[in-house]
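The values are calculated or read from the model by the stated rules, or taken from the named source; none is laboratory data. What you see is a predicted model; the values in this text were computed from it and never measured. Methodologically, a virtual Cβ is constructed for each residue, glycine included, from the backbone with ideal geometry; neighbour enumeration extends over all protein chains shown.
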Amino acid sequence: MSVVIPIDVVVGFALALTRMLGVFFFAPVFGHTVVPVRIRLSLAVAVAWFTAVQLELGPVALDASLAFAVLREATIGLALGFAASLVFSGFALMAELASIQGGLGAATTLDPSIGANSVVLTSFVGSVAILVFLSIGAHHELLRAAMLSFELLPPAGPGPSAAGMGALAALGGGIFDVAVRIAAPFTAVMLVTNLAVGMLGRAIPQLNLMSLQLPAQIAITLLLLVLGAGPFTEALASAIRAHAPLGLEALLGGL
């Protein structure tokens, strides 16, 4: 008994798999280094197969146009995964800004997710962001956006437009704005703290300001994290809902 698989299904599976590999290897949570490669590959294969059987491809020529279609799918998958992970890069920037303002800029540790040194708050904020990402069901929305991409951008279609790349750049600018706004309370409090320490040093010249300022900054930073845990978590959830992955629909429309 032999099973015959139409060539259009095979080509559709290859194109869908190329796109889904970009999503599962670069998107937040799914693309994290703690997730084994075989798990990510298995998820990409499963989603691509169920997608391929529903795709309606026209006649596909096995020539240079197929290579262009594979390159296009890889570009779309990478754009989707990168756009969804941009919000986590914004959280890392926010944690770095808060650490520098709070006197923790010199305390670095190896972050296995990026393979480089990062400040101590970056790992903490990243872990909280992942928990928030999962708790609000954003991973489901990410998969929904990935499946929606096959409706808005069917395989073997035209390549990504300049407007889509512009939308991706604008999304990065929005993430930077979110990072600065979330880190603003730390900056404001540290400014007041530095002014208070400076006035105290002027009033009592015998004080060793260097030994007083750094512990005070660290203590106030940790106090802000404890007191602002609720609003901070809500700000993370709002940013994730606005930018990853719900903001991908605008990116898909531009592409």
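Being among the charged types (D, E, K, R) and at pLDDT 75 or above is the filter here, so list the residues in the stretch 32-70 that pass it. 38, 40 - these are the residues of the stretch 32-70 that are among the charged types (D, E, K, R) and at pLDDT 75 or above. Being more than 20 Å from the chain's Cα centre (by Cα) and modelled with pLDDT under 70 narrows it down to one of 103, 115, so name that one. Of the residues listed, the single one that is more than 20 Å from the chain's Cα centre (by Cα) and modelled with pLDDT under 70 is 103. From the list 204, 182, 240, the one residue that fits, being over 18 Å from residue 97 (Cβ atoms) and touching a Phe, Trp or Tyr at 6+ places or on another chain (Cβ under 9 Å), is 240. In the set 188, 242, 250, 169, only one residue is in a helix (DSSP H, G or I) and either among the aromatic types (Phe, Trp, Tyr) or at pLDDT 75 or above (or both); that residue is 188. Residue 29 passes every criterion in (1) among the β-branched types (Val, Ile, Thr); (2) at pLDDT 80 or above; (3) part of a helix (DSSP H, G or I) apart from (3).
Inspect the stretch 200-215 for any residue being buried (at least 16 other Cβ atoms within 10 Å of the Cβ), in a helix (DSSP H, G or I) and at pLDDT 75 or above and give the result as yes or no. No, the stretch 200-215 has no match at all.
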